[in-house]
Amino acid sequence: MRVFITVGTHNQGFEYLLDKTAVLTSRHQLVIQSGHSSTLVKGAFQQQSWYSPDEMSHNISEADRVISHLGCGIAREVQVLNTPTLFFCRSRQRGEHFDNHQLELKEALTSRQGLWFYEDGDDIENILNNMGSEIPQSPTNTDQLIKAIKDWLTS
Amino acid sequence: MKKILLVASHGGHLSELRALKKAWEGCDVRWASYPSPNSKEIDYSVKHIGMNPFKMLTSFFVFFKIIYTFRPDYVISTGSEIAIPAMFWAKLFSSKTLYIECSARVSSASLAGKLLYRWVDTFWVQWPHNTKSFGDKAEYHGGTL
């Protein structure tokens, strides 16, 4: 299975996610965007600190599964590109963000098809296998916001 | 042609603005953001501010120059702290200002949102119930998620 792992552009590392997913290297092809994290995942197919937007889209489209921090940009992208995704929330207590707002987003997205959320102690291999055929769907509220901005620009 | 300055930190904030690009098709648009591999197309590259007060102060000079030279009719931002100096000068130069709270904020207010809520002309959130985190001026008109 090809798995794209991404921790985003936030200026704090996310070693927790990379440490937890390192066990997947023996059975899966891992492409990793590691941002400001210092962890080097041995056995990864490819690991870079950053990818361009086009490269990010390519990596998401080509992946069977995405494992990601719960940022708003990537949360939208995986739904638009219909790639099943397992999210990890950054934690203030672990020094991964300045607050716990990713937990808020988790609550808001938890019922969405094709989106999964890691809890401490979960078996990642088992989750990847159980994600099955549920495909995320593109968000439906964006056109409403675009129209509102157009109206605002002409008001 | 309407002149629009779009302002966002790199990462998800910038991705949100990109997702809304149909809203300003046909307009004269400039982008201001932090330098990063995912913000190569930006017109004004602004040094990362973060929580550093000195960098915030410096960024006020940077955005004075941007607003003074471009003279946008509208300034739109999806956050975060980079919006503070941009919106400050935008209002003083009579641009219309719209701040859209980041979709990552579901039931809480960002620091930039709190600081800019009263300052900007129009303030929107991306989740219906997050209007409660601000006040009557906050409105919901859809979101990127």
* Could you tally up the Lys pairs in region B:31-145 with alpha carbons closer than 20 Å? Skip any pair fewer than 8 positions apart unless they're on separate chains. => 12
* Taking the C-alpha atoms of chain B, convex hull volume expressed per residue in Å³ -> 101 Å³
* Asked: Each label point is 7 Å from the Cα along the Cα-to-Cβ direction; what then is the distance between the points at A:ASP120 and A:ASP99, in nm?
  -> 2.2 nm
* Between beta-carbons, use under 13 Å as the cut-off and find the net charge around A:THR142, counting Lys and Arg +1, Asp and Glu -1. => +3
* Asked: PRE reach from A:THR154 (point 7 Å along Cα→Cβ): which of region B:103-145 fall under 12 Å by backbone N?
  -> none
* Within a Cβ distance under 14 Å of B:GLU139, other residues only, what is the Lys/Arg minus Asp/Glu net charge? -> -1
* Which value, in debye to the nearest 20, describes the size of the charge dipole of chain A about its Cα centre when Lys and Arg Cβ atoms bear +1, Asp and Glu Cβ atoms bear -1, and nothing else is charged? -> 160 debye
* Rank the residues B:ASP73, A:ASP123 as a footprinting-exposure proxy: fewest other Cβ atoms within 10 Å of their Cβ go first. => A:ASP123, B:ASP73
* **Sequence of A:PHE117, B:PHE60 once ranked by neighbouring C-beta atoms within 10 Å, starting from the fewest** => B:PHE60, A:PHE117
* Using a Förster distance of 25 angstrom, determine the FRET efficiency expected from the C-beta separation of B:ARG71 and B:GLU25, and round it to 0.05. => 0.75
* Enter the Cα centre distance for the pair region A:72-102 and region B:81-145, rounded to the nearest angstrom. => 21 Å
* For the protein assembly as shown, projected area of the alpha-carbon convex hull averaged over all directions, nm² -> 14.7 nm²
* Asked: In bins 10 Å wide, starting from 0, what share of all Cα pairs of chain A does each bin hold, as a percent?
  -> 11, 41, 35, 10, 3, 0
* **Using alpha-carbon coordinates, inclination of helix A:142-154 to the longest axis of chain A, degrees** => 40 degrees
* Please tell me the relative contact order of region A:64-136 in percent, rounded to the nearest whole number, where contacts are Cα pairs under 8 Å and at least six residues apart. => 33 percent
* Estimated 222 nm signal from helices in chain A, with DSSP H stretches of n ≥ 4 weighted -39500 (n - 2.57), rounded to 500 -> -10000 deg cm²/dmol
* Structure fact -> Largest fluctuation, A:GLN29, A:GLN102, A:GLN93 only, Gaussian network model of chain A with Cα springs under 10 angstrom, belongs to A:GLN93
* Quick one: net charge around A:ARG2, please, counting Lys, Arg +1 and Asp, Glu -1 for every other residue with C-beta under 10 Å from its C-beta. => -1
* To do: Subtracting the Cα-Cα distance from 0.36 nm times the residue separation, let me have the gained length for A:ILE127 to A:LYS42 in nm, one decimal.
  => 28.4 nm
* To do: Quantify how strongly other chains surround peptide A:67-74 by giving the mean number of their Cβ atoms within 10 Å of each of its Cβ atoms.
  => 6
* Going highest first, how would you order B:29-36, A:55-62 by mean Cβ packing within 10 Å? -> B:29-36, A:55-62
* Structure fact -> Hydrodynamic calc, region B:19-85: Kirkwood Rh from Cα pairs, then Stokes-Einstein at 4 °C with viscosity 1.567 mPa s, so D in µm² s⁻¹ is 100 µm²/s
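Read-outs: derived from the displayed coordinates by stated rules, not from any lab. Being a predicted model, the structure only gives us computed values, none of them experimental. Neighbour counts run over all protein chains shown; Cβ positions are idealised from the backbone, glycine included.
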